[in-house]
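The values are calculated or read from the model by the stated rules, or taken from the named source; none is laboratory data. Remember, predicted model here, so these are calculated numbers, not experimental data. Here the Cβ positions follow ideal geometry from the backbone for every residue, glycine too, while neighbour counts run over all protein chains shown. What goes into the accessible areas is simple: the full protein's heavy atoms, side chains included, and nothing from ligands, DNA or RNA. Shrake-Rupley method; radii C 1.70, N 1.55, O 1.52, S 1.80 Å.
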Amino acid sequence: MSDMFQIAGKTYSSRLLVGTGKYKDFEETRHAIEASGTEIITVAIRRVNIGQDPSQPSLLDAVPPSKYTYLPNTAGCYTADDAVRTLRLARELLDGHKLVKLEVLGDSSTLYPNVRETLRAAETLVKDGFDVMVYTSDDPIIAKELEQIGCVAVMPLASLIGSGMGILNPWNLRLIIENAKVPVLVDAGVGTASDAAIAMELGCDGVLMNTAIAGAKDPVRMARAMKLAVEAGRESFLAGRMPRKLYSADPSSPISGLIGAK
Amino acid sequence: MLKLSINGQPREFAAVLTVADLVQELSLTGKRVAIERNGEIVPRSTFADTSLASGDALEIVVAVGGG
């Protein structure tokens, strides 16, 4: 049974999106990305290191844009203007590529989104023709506003970026999912495979993560665990879980035909 | 003398350069970079035709690992 995932008109089979930061080296990046089964990877845009040996390996060699859909991000931007400039550079860098991840941060200790600047940047980018996947707080009203602006996906945090604290407010995520007409992805906060499965069981369309994989003792193995967790969570969501029975048990084996019955 | 700001650092060059010359000068030929000049994107197709002037501020970026 096919269960494809669409973002901005393009179809994907994996619902796991993976960041490319914090790995030991490009070799580990490549292996982890492969093991995760992801088709969309996030990248950051940074000043080139002038004077660096140009023959040094680059991220683009390890995980080529011919093989993966790149999702350039605005990590580290604290204003709408910086985020927009960064993504215009990314679009030029990637030959007119339009799919981007917008995040505008509020402060460096929580990396919590600055929603006001995020909304401003989203408006500018959508008008400028970008397909915007937007990182935001788990506020259902803001999520709806971002959708109405024209973002192609809304990506609420499950908990703080890089915290690995898991899904702290499943109710808000459910509210966002039930109201949304665009894909909803959990972005940030996933710490381990069960968190990813829970996000998918809640009805998320996908999960985006970086540190949960790169920060594991064995990142390649964790990448595989995340692939399986996202698949398991999605299947579980589609299967529809059994109803919960409060205060009463229900045996799985027949209650008649027991030996010694009178 | 051509005085530029490149990625926030002051740099001086003896002669007038185009963006394409600068890319070569900085040993970035063949590397995938994007360039912004005074806040505006310089499309790669126009590197050879875009002359730089003293006081120009350039940002030269690449894709790196990130989440």
Item to check | Shape call, segment A:1-124: gyration tensor on alpha carbons, a/c limit 1.5 | outcome: oblate
Next on the checklist: Angle check, please: helix A:26-36 long axis (alpha carbons) against the longest principal axis of chain A (alpha carbons), in degrees 0 to 90, nearest 10.
Outcome noted: 40 degrees
Checklist entry - Which of B:39, B:55, B:30 moves most in a GNM of chain B, Cα contacts under 10 Å? => result B:30
Next on the checklist: Taking the Cα centre as origin and putting +1 on Lys and Arg beta-carbons and -1 on Asp and Glu beta-carbons, what dipole magnitude results for segment A:1-86, to the nearest 20 debye?
Outcome noted: 160 debye
Checklist entry - At a 1.4 Å probe radius, carbon and sulfur cover how many percent of the accessible area of segment A:1-157? => result 47 percent
Checklist outcome for this item: Partner shielding of A:40-49, as the mean number of partner chain Cβ atoms within 10 Å, equals 6
Checklist entry - So for the pair residue A:108, residue A:247, with labels modelled 7 Å out along Cα→Cβ, what separation do we get in nm? => result 5.6 nm
Checklist outcome for this item: Around residue A:119 (Cβ within 14 Å, Cβ-to-Cβ, excluding residue A:119; K/R +1, D/E -1) the net charge comes to -3
Checklist entry - Say we join alpha carbon atoms closer than 10 Å with springs in a Gaussian network model of chain A; which of A:245, A:67, A:144 then has the biggest fluctuation? => result A:245
Checklist entry - How many percent of DSSP beta bridges within the protein assembly as shown run antiparallel, rounded to 5? => result 45 percent
Checklist entry - Are there trypsin sites (Lys or Arg not before Pro) in segment A:1-63 that DSSP puts in a loop and that have at most 15 other Cβ atoms within 10 Å, and which ones? => result A:24
Item to check | Mean separation of Cα contacts under 8 Å (6+ apart) over length of segment A:1-53, as relative contact order % | outcome: 34 percent
Checklist outcome for this item: Measuring from its Cα centre, the protein assembly as shown shows a charge dipole (+1 at each Lys and Arg Cβ, -1 at each Asp and Glu Cβ) which, in debye to the nearest 20, is 820 debye
Next on the checklist: Treating only the Cβ of Lys, Arg, Asp and Glu as charged (+1, +1, -1, -1), what charge dipole size does segment A:46-87 show about its Cα centre? Round to the nearest 20 debye.
Outcome noted: 60 debye
Checklist entry - In nanometres, what is the gap between the two model label sites at residue B:53 and residue A:238, each 7 Å from Cα along Cα-to-Cβ? => result 5.9 nm
Next on the checklist: Could you tell me how far the Cα centroid of segment B:46-67 sits from the Cα centroid of segment A:4-36, in Å?
Outcome noted: 28 Å
Checklist entry - Which angle from 0 to 90°, rounded to the nearest 10, does the C-alpha axis of helix A:115-127 make with the longest principal axis of chain A? => result 70 degrees
Checklist entry - Quick one: Karplus J couplings for segment A:11-22, per residue in order, coefficients 6.51, -1.76, 1.60, θ = phi - 60°, nearest Hz, x for Gly and Pro? => result 9, 10, 9, 8, 9, 9, 10, 10, x, 10, x, 6
Checklist outcome for this item: Percent relative contact order for chain A, counting Cα pairs under 8 Å at least six residues apart, stands at 18 percent
Next on the checklist: List the residues, sorted by chain then number, that are 5 or more residues from residue A:131 or on another chain and whose placed amide H is less than 5 Å from its amide H.
Outcome noted: A:99, A:100
Checklist entry - In Å², nearest 100, what accessible area do chains A and B bury in total when the solvent probe is 1.4 Å? => result 2400 Å²
Checklist entry - Around residue B:67, which amide H atoms from residues at least 5 apart in sequence, or from another chain, sit under 5 Å from its own amide H, with H modelled in the peptide plane? => result A:20, A:21
Next on the checklist: Per 0.36 nm of contour for each residue apart, how much would the distance between residue B:25 and residue B:7 grow if the chain were fully extended, relative to their Cα-Cα spacing?
Outcome noted: 5.0 nm
Next on the checklist: Taking the solvent-accessible surface of protein heavy atoms with a 1.4 Å probe, what is the per residue accessible area of the protein assembly as shown in Å²?
Outcome noted: 49 Å²
